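Q: First, the structure itself, so that you have it in front of you.
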Amino acid sequence: MRNCEGIRESIGSWLDGELSAAESESVRAHLVSCTDCGETRRRLEKMQLALKAALISQAPQIEFMSFWRGVERRINQKRAWYDDLLDWSRGLFAAPRVAWMVPAVIGILLVLASTDVWRLGGSRNSFASVESIDAYGRSVALLREQETKTTVIWLYQDQEGENDAAEDTAKSAPTF
Amino acid sequence: MTLLKTLRNRLRLFSLIVVLVAGWVGAAEKNPQSVQVRIRTILAGNKSDEFDPKLKDMEQQLKPLKYRSYRSLKDDSQNVPWQGTRSFEIPGGRLLTVAPQEYQNNRVSLKVRLTEGDKPVLDTAVGIQNKGNFILGGPPHEGGTLVLLISAAAQ
């Protein structure tokens with residue numbers, strides 16, 4: 001046997017015919033035997049009847065036609081392009097799509113960062129970095145050419161011991 | 001609430017996948033087995049206006065050196081393991097020894113030593129972009145100047 005509190009919560013649904021056959025039978029049996037719950041049932045039935053009567057008496061006075069005409073007009077109305085755009089953008093930023101987009105964007109950025117595409121696109125990091133030079137007392141020049149991103153280490157080597165053309169070499173040292 | 005929970009779970013799952021994929025990509029990048037080192041030896045001079053057609057692809061890179069003629073003398077490639085060394089013979093009894101040190105952030109670190117007979121001429125440590133290059137020039141040779149284009153590609 002169900003308790004009174006549970007039965008009272010179900011009386012409304014029972015009156016509306018929303019319970020299963022077994023539940024309905026259980027409520028009905030309880031109402032027969034319990035006077036308190038029977039009283040609750042009577043009060044609810046009275047309230048339902050009063051509401052129904054009020055609705056039935058007022059319904060003919062409500063003007064539904066103008067309401068339906070309005071709905072029909074809105075349906076047939078041609079939508080402006082910006083309304084469509086607004087609806088599309090609302091859908092784009094709807095929560096489920098954003099949930100997919102956030103990790104997708106992170107993933108794309110990570111992939112780009114780990115490929116040559118990123119580095120080729122940007123100019124940074126493409127120069128050779130010279131960490132140390134030891135020319136054993138000789139002069140050395142370090143050139144970084146911006147246009148081709150070329151790093152040049154130029155050694156000004158002693159010309160002694162070279163053949164007579166060495167003079168030409170010394171004169172032709174690069175003018176960077 | 002159920003929708004929010006589902007979204008949160010999906011977000012966590014995808015973040016985890018992204019982190020794992022990024023880790024895998026990063027690990028793949030950090031584990032090349034060796035380096036393909038290429039040394040192109042060029043004789044630069046001012047006695048003519050000859051430009052060797054073999055050097056067409058590096059014309060722009062040679063431009064800042066301001067020589068009038070460029071002739072390719074040698075083009076050598078060797079596969080060098082990490083921490084290993086390989087020597088390249090350079091005209092004029094010289095030797096260029098290259099030792100790849102490490103590979104990080106798509107850059108190859110190299111130690112390069114130029115010797116003339118038994119005498120060391122230059123020691124340098126250079127970090128270049130993978131598949132990138134740098135120029136080492138200056139040693140005189142046959143009335144001109146040697147220009148070495150040193151490139152490295154992690155394998």
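Every read-out reported here was derived from the displayed coordinates using simple, explicitly stated rules and does not represent laboratory data. Computed from a prediction, not measured in an experiment: that's the story for all the values here. Note that we place each Cβ from the backbone using ideal geometry, even for glycine, and neighbour counts take in every protein chain shown.
Q: Just tell me how shielded A:136-149 is by partners: mean number of partner chain Cβ atoms within 10 Å of each residue's Cβ, no decimals.
A: 3
Q: Let me ask you something else. Quick check on chain B: helices-only [θ] at 222 nm, where DSSP H runs of length 4 and up contribute -39,500 (n - 2.57) each and the sum goes over total residues. Nearest 500, please.
A: -7000 deg cm²/dmol
Q: Give me the tail of P(r) for the range A:4-61 as a percent: Cα-Cα pairs with distance above 18 Å.
A: Tail of the P(r) past 18 Å holds 39 percent of the pairs.
Q: Simple spin-label model, 7 Å along Cα-to-Cβ: A:E23 to A:A94 in nm?
A: Roughly 3.1 nm, to one decimal.
Q: Give me the percent relative contact order of chain B, please, defined on Cα pairs under 8 angstrom at least 6 residues apart.
A: 24 percent
Q: Put +1 on the Cβ of every Lys and Arg and -1 on every Asp and Glu Cβ in the range B:33-154; which of B:Q83, B:L110, B:M58 then has its Cα farthest towards the positive end of the dipole?
A: Of the options given, the answer is B:M58.
Q: Same structure, new question: Taking the radius of gyration and the Kirkwood hydrodynamic radius from Cα positions alone, what is the Rg/Rh ratio for the range B:33-154, to two decimal places?
A: Here the Rg-to-Rh quotient is 0.97.
Q: Greater than 22 Å separation of Cα atoms is the criterion. Which listed pairs, B:K47/B:K74; A:K149/B:K74; B:K74/B:K131; B:K56/B:K111, meet it?
A: Flagged as over cut-off: A:K149/B:K74; B:K56/B:K111.
Q: Peptide B:61-68: average number of partner chain Cβ atoms within 10 Å per residue?
A: Partner Cβ neighbours, averaged per residue: 6.
Q: May I pose another question? Let me make sure I get this right: for the range B:43-107, a, b and c are the square roots of the gyration tensor eigenvalues over alpha carbons, sorted descending. Under 1.5 in a/c it's rounded, otherwise prolate if a/b > b/c, else oblate. Which is it?
A: Prolate is the answer for the range B:43-107, as a/c is 1.5 or above and a/b outweighs b/c.
Q: Something else about it: Might you report the magnitude of the Cβ-based charge dipole of the range A:4-61 about its Cα centre, with Lys and Arg at +1 and Asp and Glu at -1, to the nearest 20 debye?
A: In debye, rounded to 20, the range A:4-61 gives about 320.
Q: Separate question: Under the classification rounded if a/c is under 1.5, otherwise prolate if a/b is larger than b/c and oblate if not, where does the range A:45-101 fall, given a ≥ b ≥ c as square roots of the Cα gyration tensor eigenvalues?
A: Here the range A:45-101 falls in the oblate category.
Q: With a ≥ b ≥ c taken as the square roots of the eigenvalues of the C-alpha gyration tensor of the range A:12-115, please select rounded if a/c is under 1.5 and otherwise prolate if a/b is larger than b/c or oblate if it is not?
A: oblate
Q: Taking beta carbons within 10 Å but only from partner chains, what does the mean come to for residues B:113-123?
A: 3
Q: A further question on this structure: If I model the range B:105-155 as equal point scatterers sitting on the Cα atoms and use the Debye formula, what is log10 I(q)/I(0) at q = 0.19, 0.20 Å⁻¹?
A: Results for the range B:105-155 at q = 0.19, 0.20 Å⁻¹ read -0.71, -0.76.
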